[in-house]
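Chemist: Here's a structure for you.
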Amino acid sequence: MDTSPGTADDDLRLSHASPARDTGNLAAPGLPQLDLEGNARVVGGAVDLGAYEFPVVCRPVWYVDADASGGDSGLSWHDAFQDLPSGLATAGLCGPGTEVWVAAGTYTPTEGSDRTISFVIPSGVILRGGFQGSTTAPSVRMWRTYRTILSGDIGIPAQTSDNSYRVLTATGTAPGTTLDGVYIEGGQGSSRGVESWSTRDTWI
């Protein structure tokens, strides 16, 4: 950093896991259209805090693995996103035909206790599960052995009363939107405390 703050060499860029991502105020007076590098400030209906927007360079496949220990960038199995919502949101920015490959494991739509939060598959995105975590093609998956589970069990483990109302939602999606090789379980809906329904080990 030199003696001129606010210039491009300050390297104030955000990491993928930064809590400053998508937390800016869209209604802020004087919000500039571009960041310091000339990139759009509003991406996917949200704006980051700070001098730079986090860049999304689109690619055909994004990777998700809860056990990954790399850079949490989604660029490879080693650097896979550790949470599925990040992978889905990033693929949604890249548009129809973008794939999200998810390694075996159990994934929940939130780390908190808000039962209204669900996984959202963007229109045109292809979500594939059943990967071992190093697999290079969908055709060689063993998805019955390496189970990718989308679970609504967000509260006390094995207690269904605090589970997500809906595990996954897809609204107004275009042809080509795909779920392939995933198990969905643990949804627990209710209506005024009278009706209830659950999702138990549904595979797609």
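Chemist: Around I154, under 10 Å between beta carbons, what's the net of Lys plus Arg minus Asp minus Glu among the other residues? If you can, show how the numbers build up before the last one.
Modeler: On the way: positive: R115; negative: E111, D114, D153, D162.
For residues surrounding I154, the net value is -3.
Chemist: Could you pull out the GluC sites (Glu not before Pro) across the range 44-130 that fall in loop regions by DSSP (anything but H, G, I, E, B) with no more than 14 other Cβ atoms inside 10 Å? It would help to have the intermediate numbers written out before the result.
Modeler: On the way: sites: E53, E99, E111; in loops: E53, E111.
Counting only loop positions with at most 14 other Cβ atoms within 10 Å, the GluC sites (Glu not before Pro) in the range 44-130 are E111.
Chemist: To continue, here is another question. Please compute the length gained on full extension between V120 and V57, using 0.36 nm multiplied by the number of residues separating them and subtracting their Cα-Cα distance.
Modeler: On the way: separation 63, 0.36 × 63 = 22.68 nm, distance 2.10 nm.
Roughly 20.6 nm would be gained on extension.
Chemist: Tell me which residues come under 5 Å, amide H to amide H, from F119 once H is placed; ignore anything under 5 positions away on its chain.
Modeler: L168, T169
Chemist: Could you list the square roots of 5 times each eigenvalue of the Cα gyration tensor of the range 129-173, that is, the equivalent ellipsoid semi-axes, sorted largest first and rounded to whole Å?
Modeler: Numbers: eigenvalues 148, 53, 9 Å².
After scaling each eigenvalue by five and taking roots: 27, 16, 7 Å.
Chemist: At 7 Å along Cα-to-Cβ for each site, give me the label-to-label distance between T173 and Q159 in nm.
Modeler: With each label point 7 Å from Cα toward Cβ, the separation is 3.2 nm.
Chemist: I've got another one for you. Which of L127, I154, G70 sits farthest toward the positive end of the charge dipole of the range 61-203, with +1 on the Cβ of Lys and Arg and -1 on the Cβ of Asp and Glu?
Modeler: About the Cα centre, the residue reaching furthest to the positive side is L127.
Chemist: Hey, got the Cα dimensions of the range 83-124 along the principal axes, in Å, largest first?
Modeler: Over the range 83-124, Cα extents along the principal axes are 31, 23, 11 Å.
Chemist: Name the long-range amide H neighbours of G70: under 5 Å, sequence gap of 5 or more, or other chain; modelled H, no Pro or chain starts.
Modeler: For G70, whose amide H was placed from the backbone, the distant partners under 5 Å are A80.
Chemist: Once phi is turned into θ = phi - 60°, what whole-Hz ³J(HN,Hα) does the Karplus curve with 6.51, -1.76 and 1.60 give for every residue of the range 175-181, x standing for Gly and Pro?
Modeler: x, x, 5, 9, 10, 8, x
Chemist: Taking 1 over the mean of 1/r across every pair of different Cα atoms in the range 41-121, what Kirkwood radius in Å do you get?
Modeler: Working: mean 1/r = 0.0740 Å⁻¹.
The Cα-based Kirkwood calculation yields 13.5 Å.
Chemist: Just to confirm my numbers, what's the Cα centroid distance between the range 38-106 and the range 130-194 in Å?
Modeler: 19 Å
Chemist: Amide H neighbours of G105 under 5 Å, at least 5 residues apart or on other chains, H built in the peptide plane: list them.
Modeler: Amide H neighbours of G105: R147, T148, I149.
Chemist: Hey, what do the phi angles of the range 122-137 turn into as Karplus ³J(HN,Hα) couplings, whole Hz, using 6.51/-1.76/1.60 and θ = phi - 60°, x for Gly and Pro?
Modeler: For the range 122-137, the Karplus curve yields x, 4, x, 7, 10, 9, 10, x, x, 8, 6, x, 9, 5, 9, 8 Hz.
Chemist: Can you tell me the alpha carbon radius of gyration of the range 61-203 divided by the globular rule-of-thumb value 2.2 N^0.38 Å? Could you put the intermediate results ahead of the total?
Modeler: Values: Rg = 14.8 Å, N = 143, 2.2 N^0.38 = 14.5 Å.
Ratio of Cα Rg to 2.2 N^0.38 Å: 1.02.
Chemist: Let me ask something additional. Residue by residue through the range 52-58, which ³J(HN,Hα) values in whole Hz follow from phi under the Karplus form 6.51 cos²θ - 1.76 cosθ + 1.60 (θ = phi - 60°), with glycine and proline marked x?
Modeler: So the Karplus estimates, Gly and Pro as x, are 10, 7, 5, x, 10, 9, 5 Hz.
Only the coordinates and a few stated rules stand behind these numbers; no lab work does. Bear in mind the structure is a predicted one, so any value in this text is a computation, not a measurement. Neighbour counts run over all protein chains shown; Cβ positions are idealised from the backbone, glycine included.
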